[in-house]
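Novice: If you scroll down you'll find the structure; I have some questions about it.
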Amino acid sequence: MSSVPAFPSPPSPSSPQASPPAPADQQAKLGFLRVAKVVVVFVYIVVAVNLVLLTTGFILRLFGASTEAAFTRWIYRNVDRIMEPFRGIFPTHAVSDTSVIDSSLLFAMIVYALLALALHALVTWLTQKIVRLRRLDQPPPPTTWSEPAPG
């Protein structure tokens, strides 16, 4: 009979499962995650600003804002740039002489809102990964035992 151990032996210290990542590798990963988070946060801010502009443009068109006002012209000019990929997807519906419901603009708002939600989830995930890596990088706190008080 050959002697086969009933239970597998624990991994040796040199096995890749037992050793934590090298500090330099962990620092590189942490640096990469930080840069990725900065890029994603920047894109998230751009998408959020675009969403605010689209919403403002939709409301101004819905209420028939005058194009004589500089603010209205500025909003419409920026909304036209943001709306370029969505132009002509859906027809616009005139509510009155000046009031318009722009369905393409409404669709663009929905797409930008979904994109903002996805980017927010990505920022949250990257933040959690960075926090976990920082915790792994820190030494465990010293354990001190206090003696019970006499009496």
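Novice: For PHE71, put the label point 7 Å out on the Cα→Cβ axis and report which residues of region 29-56 keep their amide N under 20 Å from it.
Specialist: It comes to 49-56, nothing else.
Novice: Tell me the Kirkwood radius of region 67-151: reciprocal of the mean inverse pair distance over distinct alpha-carbon atoms, in Å.
Specialist: When all Cα pairs of region 67-151 are included, the Kirkwood radius is 18.3 Å.
Novice: Starting with the fewest neighbours, write out SER146, SER99, SER66 ranked by other beta-carbon atoms found within 10 Å of each beta-carbon.
Specialist: The most exposed by this proxy come first: SER146, SER66, SER99.
Novice: Between ALA24 and ALA118, what is the FRET efficiency for a Förster distance of 30 Å, r being their Cβ-Cβ separation, to the nearest 0.05?
Specialist: The value I calculate is 0.40.
Novice: From the phi angles alone, apply the Karplus equation (6.51, -1.76, 1.60; θ = phi - 60°) to region 65-78 and give each ³J(HN,Hα) in whole Hz, x where the residue is Gly or Pro.
Specialist: Working through the residues one at a time gives 4, 6, 7, 6, 6, 4, 4, 5, 4, 5, 4, 4, 4, 6 Hz.
Novice: Next up: At 7 Å along Cα-to-Cβ for each site, give me the label-to-label distance between THR143 and TRP125 in nm.
Specialist: 3.6 nm
Novice: Go ahead and run the numbers for FRET between VAL40 and ILE110, Cβ-Cβ distance against an R0 of 25 Å, rounding to 0.05.
Specialist: For VAL40 and ILE110, the calculated efficiency is 0.75.
Values in this text are rule-based calculations from the coordinates and carry no lab data. Every value quoted in this text rests on a predicted model; they were computed, and no experiment measured them. Note that we place each Cβ from the backbone using ideal geometry, even for glycine, and neighbour counts take in every protein chain shown.
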